[in-house]
Amino acid sequence: MHKPLSGKTALVTGASRGIGRAVALRLGADGARVAVGYRSGEAEAQAVVAQIRDAGGQAFALAGDVGHLPAIEAMFTAFDAQTDGLDILINNAGIGTMAALADTDEACFDRQMDVNAKGPFFVTRAALSRLRDGGRIVNISSMVAQAAYPSCLAYAMSKAAINHFSVSLAQELGPRGITVNAVAPGATITDFAPDLFNDPATLDYLASMAALKRVGQPEDVARIIAMLCGPDGAWMTGQVIEASGGMHL
């Protein structure tokens, strides 16, 4: 079977669960050697590694809290001990708090900005010396960055920063043949917001807002990311791609 990412090495941050896990599994199935990044879920990350290996792929776990620069440096030191370069970077790790302006204190705001905005910035900065020409960067944004969502204002701001980061970085790295895009999921069932997705009425409401009349699964988003990382994504860069099943049309 042809595997479009054979011979490629990918790093997926926040890959122990949710969308990151689905992306790591898909890239592994497509032939990439996958560094499965995690902060605290070591057992879950090792389970993803085992699943990729059991299917005949290559993977290893990689610890690192992207919200702290020393942890990013340590993560890449460990990465270098496992492989000699990078072809695909997926900046997926993120946190979010459902809180309006009046309910967001400084610590809550700072942590979301540290992980969601500063993290991808400095992970990418560290990755660039390792990223081969013709590589791929995909940053995980959110649909909430493209509409009014006052109930998660700090989170939306952090993801809006990712959108601009992606467009500007695409311009900078274009001469090296490196594409940079952001994927902005809509409502997607993960444990990111368990209270939201454990309520059947809420799920029905979210499904009714989508043109495709269902809520997304992590694999739906992973398929789009896999396309961007493969040969078919070579002519797409500097884009924010909404992966929502057509919400808010």
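Please treat every number below as a calculation from the coordinates, not as lab data. Being a predicted model, the structure only gives us computed values, none of them experimental. So basically every Cβ, Gly included, is an ideal-geometry build from the backbone, and we count neighbours across all protein chains shown.
Structural remarks
- When the stretch 45-89 is reduced to its Cα atoms, the Kirkwood hydrodynamic radius in Å: 11.7
- For the pair ASP54 and THR83, label points projected 7 Å from Cα toward Cβ lie 2.2 nm apart.
- Cα centroid separation - the stretch 207-222 against the stretch 119-136, whole Å: 30
- Using C-alpha pairs below 8 Å separated by at least 6 residues, the relative contact order for the chain is 19 percent.
- Under 15 Å from LYS118, Cα to Cα: aspartates and glutamates that are on another chain or at least 8 residues apart: ASP65, GLU73, ASP110
- Beta bridges assigned by DSSP with both partners in the chain are antiparallel in approximately 5 percent of cases.
- Every pair of different Cα atoms in the stretch 130-249 enters the Kirkwood calculation, which places the hydrodynamic radius at 15.2 Å.
- Estimated distance in nm for a label pair at MET236 and GLN46, the labels positioned 7 Å out from Cα along Cα-to-Cβ: 3.7
- Share of Cα-Cα pairs in the stretch 67-155 lying beyond 24 Å, as whole percent: 30
- Beta bridges by DSSP in the stretch 104-249, antiparallel share as percent, to the nearest 5: 10
- For the stretch 77-149, relative contact order (Cα pairs under 8 Å, six or more residues apart, normalised by length) works out to 53 percent.
- For the stretch 1-84, the Rg and Dmax computed from alpha carbons only, in angstrom: 12.1, 41
- Taking other residues whose beta carbon is less than 10 angstrom from the beta carbon of ASP30, and scoring Lys, Arg as +1 and Asp, Glu as -1, yields +3.
- With Rh defined as the Kirkwood radius, the inverse of the mean 1/r over Cα pairs, the Rg/Rh of the chain is 0.95.
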